[in-house]
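Derivation of every value follows stated rules applied to the coordinates shown; laboratory data play no part. Small disclaimer: the values here were computed from a predicted structure and weren't measured. Cβ atoms come from the backbone with ideal geometry, glycine included; neighbour counts cover every protein chain shown.
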Amino acid sequence: MERDIENLVIPQHVALILDGNGRWAKKRGLPRTVGHKQGCVTVEQTVEDAARLGIRYLTVYGFSTENWKRPEDEVGGIMKLLDKYLHEAIRDMEKKHIRMKVFGDTSRLSPELQALVAKTDEITQHVKGFQANICLNYGGRAEIVRAAELYAKDVAEGKAEGKLTEEKLSKYMYSADIPDPELIIRPGGEYRLSNFLLWQCAYSEFYYTDTLWPDFTPEELDKAIAAYGSRDRRFGGVKT
Ligand code: IPE
Ligand code: IPE
Ligand code: MG
């Protein structure tokens, strides 16, 4: 199908809540992990697609601080896939001109995964173009608490002044150097944030679709962006 993307207003920063992997697998009588595996394929395709569309930053919610509550074998399966994904990222991201960053508390990941995260960061740090942020053991509340702690530490060490502002606190978030997402997309049919980007979503536009994440296509992304383009963003003001 020919894509009609010429008239799309492309947001600088799009955030994605990957959801529906488990249900995608269940519908096919397969283990949930197979859904996660297919979800990874969709992530790879969407990262490339977003770069092609001219999106500057794509932030992907891959594993939340709450996802540790899942059965051990499911968490183990996700961690294995992560290992594979990061190995491939190290191999490909630089060639594909993708800057990759991980948002979240990686200290709870295995030492092997932590090393892979550090390596991906190192290898892609000079890449200037498109940036993919992968959220792992990420929680919006945990991010805000971490920012407050880092700020308090800087104040105690005389590196920051005691008057806190929104702008200052923003600099302690994982997203310090990048704009807030204009658009947050949630596939999988649920209408909630599930602790994603709580600080950054203040004025984001939301787009929900019933499509399960492994079935998400470039056309779905176009649809979400088209919906975003038709929104009247007032930021608390009035239309003149
Ligand atoms: C998203 O799919 C992947 C993660 C949260 C790790 P789910 O595993 O939440 O899939 P559903 O919502 O159970 O279908
Ligand atoms: C949100 O999906 C977390 C990620 C996509 C990583 P969940 O499936 O964990 O969220 P809930 O349980 O539906 O809120
Ligand atoms: Mg889910």
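One line per residue, one yes/no per condition, for (1) among the β-branched types (Val, Ile, Thr); (2) not in a helix (DSSP H, G or I):
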| position | (1), (2) |
| --- | --- |
| ALA15 | no, yes |
| GLY22 | no, no |
| VAL41 | yes, no |
| LEU58 | no, yes |
| LYS84 | no, no |
| MET100 | no, yes |
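Would you point out the residue of region 7-25, among those that are among the small types (Gly, Ala, Ser) and over 14 Å from LEU221 (Cβ atoms), that is surrounded by the most Cβ atoms within 10 Å (Cβ to Cβ)?
So the first thing to find is which residues in region 7-25 are among the small types (Gly, Ala, Ser), and the list is 15, 20, 22, 25.
Then keep just the ones that are over 14 Å from LEU221 (Cβ atoms); that gives 20, 22, 25.
Values: GLY20: 24, GLY22: 20, ALA25: 21.
The extreme case among them is GLY20.
Tell me which residues, restricted to region 188-226, are within 13 Å of the chain's Cα centre (by Cα) and either assigned to a strand (DSSP E or B) or within 14 Å of ligand 3 (Cβ to nearest atom) (or both). Full working, then the answer.
As a first pass, look at region 188-226 and keep what is within 13 Å of the chain's Cα centre (by Cα): 193-198, 200-201.
LEU193, SER194, ASN195, PHE196, listed by residue number.
GLU143: acidic (Asp, Glu), within 24 Å of PRO11 (Cβ to Cβ) and surrounded by 12 or more Cβ atoms within 10 Å (Cβ to Cβ), yes or no?
Criteria met by GLU143.
Taking into account only those residues within region 179-234 that are in contact with a strand residue (DSSP E or B) (Cβ under 9 Å, 6 or more places away or on another chain) and of a type in the set (S, T, N, Q), which is surrounded by the fewest Cβ atoms within 10 Å (Cβ to Cβ)?
Filtering region 179-234 for residues in contact with a strand residue (DSSP E or B) (Cβ under 9 Å, 6 or more places away or on another chain) gives 179-197, 200-201, 204-209, 213, 216, 220-221, 223-225, 227-228, 231, 233.
Filter once more, so that each one left must be of a type in the set (S, T, N, Q): 194-195, 200, 204, 209.
Values: SER194: 14, ASN195: 16, GLN200: 22, SER204: 20, THR209: 18.
Among those residues, the one meeting the criterion is SER194.
Considering only region 178-187, how many residues are part of a loop (DSSP other than H, G, I, E, B) and within 13 Å of ligand 1 (Cβ to nearest atom)? Give the derivation first.
Of all residues in region 178-187, those part of a loop (DSSP other than H, G, I, E, B) come to 178-182, 187.
Filter once more, so that each one left must be within 13 Å of ligand 1 (Cβ to nearest atom): 187.
Result for region 178-187: 1.
For ILE90, all conditions in the list (1) within 16 Å of ligand 1 (Cβ to nearest atom); (2) of a type in the set (A, V, I, L, M); (3) touching a helix residue (DSSP H, G or I) at 6+ places or on another chain (Cβ under 7 Å); (4) in a helix (DSSP H, G or I) hold save one; what is the number of the exception?
Of the numbered conditions (1) within 16 Å of ligand 1 (Cβ to nearest atom); (2) of a type in the set (A, V, I, L, M); (3) touching a helix residue (DSSP H, G or I) at 6+ places or on another chain (Cβ under 7 Å); (4) in a helix (DSSP H, G or I), the odd one out for ILE90 is (1).
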